[in-house]
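In what follows, a structure is listed as structure tokens, so that the remarks can point back to it.
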Amino acid sequence: MQRIGLTGGIAAGKSVAAARFAELGAVVIDYDLLSRDAVAPGSVGLDQVVAAFGPSVLDPDGALDRPALGRTVFGDEAARTRLNHIVHPIVHRLAAEREASAATADPDAVVVHDIPLLAESGREDSFHLVVTVRAEVELRVRRLVEGRGLTEDDARARIAAQVTDEVRAAAADVVLDGNGTAQGLREQVDHLWARIAAERAQERS
């Protein structure tokens, strides 16, 4: 099994790259989805979040009100750290379970861990290969405003809350260019996949 860590700033193109890895046959473990599972209705994680931040972070149906939680922790480093200490251990456990399942199904699998905060976590040494997708800030702002409906101020604030592309690049083995078209980024993933396949074939020979 080969473990790849995939990261990138918001709106840089990481989701496009992750989807292409999946199309090529990789098992993609999406940490954003796992973070939702970690605080699903009825979960211990949700109970812990409510205990930490109060019932105002729940919607009328008793599920997590993500915008409300976001307003609570955004811009408050202590609150964000408290939330991370609840959610991250659960996410890591769920990711390990999914990786173990993939390895059982195919011991030669390529498993891509899609981790938005990989550079922040300091976990880059736990992967055989770390890949980051980078794109210019102004392009990412435009994508967030036009594609996701954020205000320009909100878009810039979200980008500023993350580490820089330079920090991500320093933690990565491969940097993919997300400034162009989605198809261009997919082609970069194709080239990387071919290189990985060739290197693995050479190792087995």
Output the number of the condition that Arg20 fails; it satisfies all remaining conditions of (1) of a type in the set (D, E, K, R); (2) within 22 Å of Ile159 (Cα to Cα); (3) surrounded by 13 or more Cβ atoms within 10 Å (Cβ to Cβ).
(2)
Do we have Val174 as within 20 Å of Asp30 (Cβ to Cβ) and either within 15 Å of the chain's Cα centre (by Cα) or acidic (Asp, Glu) (or both) here?
no
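Picking from Ala38, Ala51, which residue would you name as being in contact with a helix residue (DSSP H, G or I) (Cβ under 6 Å, 6 or more places away or on another chain) and either among the basic types (Lys, Arg) or at pLDDT 95 or above (or both)?
Details: Ala51 fails: in contact with a helix residue (DSSP H, G or I) (Cβ under 6 Å, 6 or more places away or on another chain).
Exactly one residue qualifies, and that residue is Ala38.
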Of the residues in the range 69-80, those that are in contact with a helix residue (DSSP H, G or I) (Cβ under 8 Å, 6 or more places away or on another chain) and at pLDDT 90 or above come to Leu69, Ala79
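Going by the structure shown, is Ala102 among the hydrophobic types (A, V, I, L, M, F, W, C), modelled with pLDDT of 95 or more and in contact with a His (Cβ under 7 Å, 6 or more places away or on another chain)? Reasoning before the result, please.
On the way: among the hydrophobic types (A, V, I, L, M, F, W, C): yes; modelled with pLDDT of 95 or more: yes; in contact with a His (Cβ under 7 Å, 6 or more places away or on another chain): no.
The answer is no for Ala102.
Considering Val133, Val141, which residue is crowded, with 18+ Cβ neighbours inside 10 Å, modelled with pLDDT of 90 or more and over 26 Å from Val91 (Cβ atoms)? If you could, list the steps in order and put the result at the bottom.
Values: Val133 fails: over 26 Å from Val91 (Cβ atoms).
On inspection, the qualifying residue turns out to be Val141.
Conditions (1) in a helix (DSSP H, G or I); (2) among the hydroxyl-bearing types (Ser, Thr, Tyr); (3) touching an Asp or Glu at 6+ places or on another chain (Cβ under 8 Å), marked per residue:
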position: Gly62; (1), (2), (3): no, no, no
position: Ala78; (1), (2), (3): yes, no, no
position: Glu97; (1), (2), (3): yes, no, no
position: Ala100; (1), (2), (3): yes, no, no
position: Leu144; (1), (2), (3): yes, no, yes
Could you give every pair whose Cβ atoms fall below 6 Å, whose first residue belongs to the range 51-78 and is within 26 Å of Gln162 (Cβ to Cβ), and whose second residue is of a type in the set (D, E, K, R), counting only separations of at least 6 or pairs across chains?
Ala52/Arg82; Val57/Asp65; Asp65/Asp59; Val73/Arg80
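Examine the range 183-193 for a residue that is surrounded by 16 or more Cβ atoms within 10 Å (Cβ to Cβ), aromatic (Phe, Trp, Tyr) and touching a Lys or Arg at 6+ places or on another chain (Cβ under 6 Å), and state whether such a residue exists. Please lay out each step first, then the result.
Pass one, the range 183-193, residues surrounded by 16 or more Cβ atoms within 10 Å (Cβ to Cβ): 185-186, 188-189, 192-193.
Retained after the next criterion (residues that are aromatic (Phe, Trp, Tyr)): 193.
If we keep only those that are touching a Lys or Arg at 6+ places or on another chain (Cβ under 6 Å) too, we end up with none.
No, the range 183-193 contains no residue that is surrounded by 16 or more Cβ atoms within 10 Å (Cβ to Cβ), aromatic (Phe, Trp, Tyr) and touching a Lys or Arg at 6+ places or on another chain (Cβ under 6 Å).
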Output the residues belonging to the range 148-171 that are over 18 Å from the mean Cα position of the chain (by Cα) and assigned to a helix (DSSP H, G or I).
Glu152, Asp153, Asp154, Arg156, Ala157
Hits in the range 102-142 (condition: in a helix (DSSP H, G or I) and farther than 30 Å from Ala201 by Cα):
Glu120, Ser121, Val137, Glu138, Leu139, Arg140, Val141, Arg142
Checklist (1) aliphatic (A, V, I, L, M); (2) surrounded by 12 or more Cβ atoms within 10 Å (Cβ to Cβ); (3) more than 22 Å from Val189 (Cβ to Cβ) applied to Ala96, failing item:
(2)
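The values are calculated or read from the model by the stated rules, or taken from the named source; none is laboratory data. Since the structure is predicted, the reported quantities are computational estimates derived from the model, not experimental observations. In this analysis, Cβ positions are derived from the backbone assuming ideal geometry, glycine residues included, and neighbour counts consider all displayed protein chains.
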